[in-house]
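The values are calculated or read from the model by the stated rules, or taken from the named source; none is laboratory data. Predicted model only: the values in this text are computed from it and were never measured. Every residue, glycine among them, receives a Cβ derived from its backbone with ideal geometry; neighbour counts consider all protein chains shown. Ligands, DNA and RNA are excluded from the accessible area calculation, which covers all protein heavy atoms including side chains. Shrake-Rupley method; radii C 1.70, N 1.55, O 1.52, S 1.80 Å.
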Amino acid sequence: MELRQLRYFLKAKELLNFTEASKHLFITQSTLSQQIKQLEEEIGQPLFDRIGKRIALTEAGELFSFYAERSIRAAEDGKLLLEDLEGLKTGVLRIGLTWGLKSLVLSSLTLFTQTYPEVKIEVTFGTTNELMHYLEKQYIDFALTFFDGAHEENFIYKTVLISDMAFMVARDSELALLKEIRLKEIEQYRLALPVQGFSTRNFLDREFEKYNIRPNIAIETNQTSMIIDLVKKGAYQTVLTYATVHGEKDLYAIPIIDSDMKREAVIIQLKDSYLKKSVRVFVDLLMNENKDGLNTL
């Protein structure tokens, strides 16, 4: 039984189509079918039911997938351990990041790159749900995201900071004269907000419902940077955390005085997987850079 065969099996399990799986693996379909057949012969059980051109996982295949994933993870951990012996002179740091926390990592990324220039960095953006999925599949080393749900036992959570939400307007607008605002008063303004499904939007929707607020949502987008640009131009207003707009000098944040809306920015890692040195170093940098929190502009 080879690691290559386990990877082939897991890709076929994911796509439930030998043709598609072989394309993703850059091998021929006949090679994939042959390797899966050899694996089944070694195990002594069929892993897939072949139904015409379709395939379905058997009960044995479902059980075996757990051990296949664990074996792949152990092999990757062993590889990372050997890379760490090089003292951060090689390797890849894979960061999962939500759009709303982009500004939080910029100084840490710069310092890390200057200190360890030979370590390649890959940054993947996604929603909290997407990042959790990427973690499970080990596409990323850790996720930095807003989180306010139940902690799952197969993940490790570390709080980076807690940031208040505020009503954000253009600094050169008349609204910037306001010193504070009530949540109900936000109804009268045209808002630009993240689309539903984003953690921040889901949080806001719950708060709006809780206080019987009917927001005037004029535009929705899956790009937080676009929301910020629109607000800076005075076209719309929004409700975001101080952490999200950190460093944006053309924005003005108005405190919301009758609602305690706070977001927790957390680092999420997969439990029981090897924590490579580059992750430990970067997380320490990130925690130190943001130890005082972000509740001002």
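Residues that are more than 30 Å from Y242 (Cα to Cα) and surrounded by 19 or more Cβ atoms within 10 Å (Cβ to Cβ): does region 59-67 have at least one? Even if it seems obvious, please write down each step before you answer.
Taking region 59-67 as the starting set, the residues that turn out to be more than 30 Å from Y242 (Cα to Cα) are 59-67.
The next check asks that each one be surrounded by 19 or more Cβ atoms within 10 Å (Cβ to Cβ); those that pass are 61, 64.
Scanning region 59-67, I find at least one residue that is more than 30 Å from Y242 (Cα to Cα) and surrounded by 19 or more Cβ atoms within 10 Å (Cβ to Cβ), so the answer is yes.
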query: Between residues in region 66-77 that are in contact (Cβ under 8 Å) with a residue 12 or more places away in the chain and residues that are open to solvent by less than 30 Å² (accessible area, probe 1.4 Å) and of a type in the set (A, V, I, L, M, F, W, C), which pairs lie under 6 Å by C-beta distance while being six or more apart or on different chains?
result: A68/L6; A68/F9; S71/L6; I72/L6
task: State yes or no: is T244 under 21 Å from the mean Cα position of the chain (by Cα) and part of a loop (DSSP other than H, G, I, E, B)?
output: yes
message: Which numbered condition in (1) outside any strand (DSSP E or B); (2) surrounded by 13 or more Cβ atoms within 10 Å (Cβ to Cβ) is the only one that G96 fails?
response: (1)
- prompt: Are any of the residues in region 214-225 among the polar types (S, T, N, Q), modelled with pLDDT under 90, farther than 19 Å from S163 by Cβ and surrounded by 14 or more Cβ atoms within 10 Å (Cβ to Cβ)?
  reply: no
- prompt: Of the residues K262, K277, K271, which is modelled with pLDDT under 85 and either closer than 19 Å to T128 by Cβ or open to solvent by 60 Å² or more (accessible area, probe 1.4 Å) (or both)?
  reply: K277
query: Do we have any residue at all in region 79-86 that's within 27 Å of K120 (Cβ to Cβ), at pLDDT 85 or above, outside any loop (DSSP other than H, G, I, E, B) and out of contact with any Gly (no Cβ under 9 Å at 6 or more places or on another chain)?
result: no
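Just a yes or no: is a residue in region 25-42 in contact with an Asp or Glu (Cβ under 8 Å, 6 or more places away or on another chain) and open to solvent by less than 80 Å² (accessible area, probe 1.4 Å)? Working first, answer last.
Keep residues of region 25-42 that are in contact with an Asp or Glu (Cβ under 8 Å, 6 or more places away or on another chain), which gives none.
Checked region 25-42: no residue is in contact with an Asp or Glu (Cβ under 8 Å, 6 or more places away or on another chain) and open to solvent by less than 80 Å² (accessible area, probe 1.4 Å).
Which of the residues that make up region 148-178 are in a loop (DSSP other than H, G, I, E, B) and more than 20 Å from D272 (Cβ to Cβ)?
Result: D148, G149, R171, D172, S173, L178.
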statement: Looking across region 166-205 at residues that are among the basic types (K, R) and open to solvent by 80 Å² or more (accessible area, probe 1.4 Å), the single one that is farthest from A150 (Cα to Cα) is R171
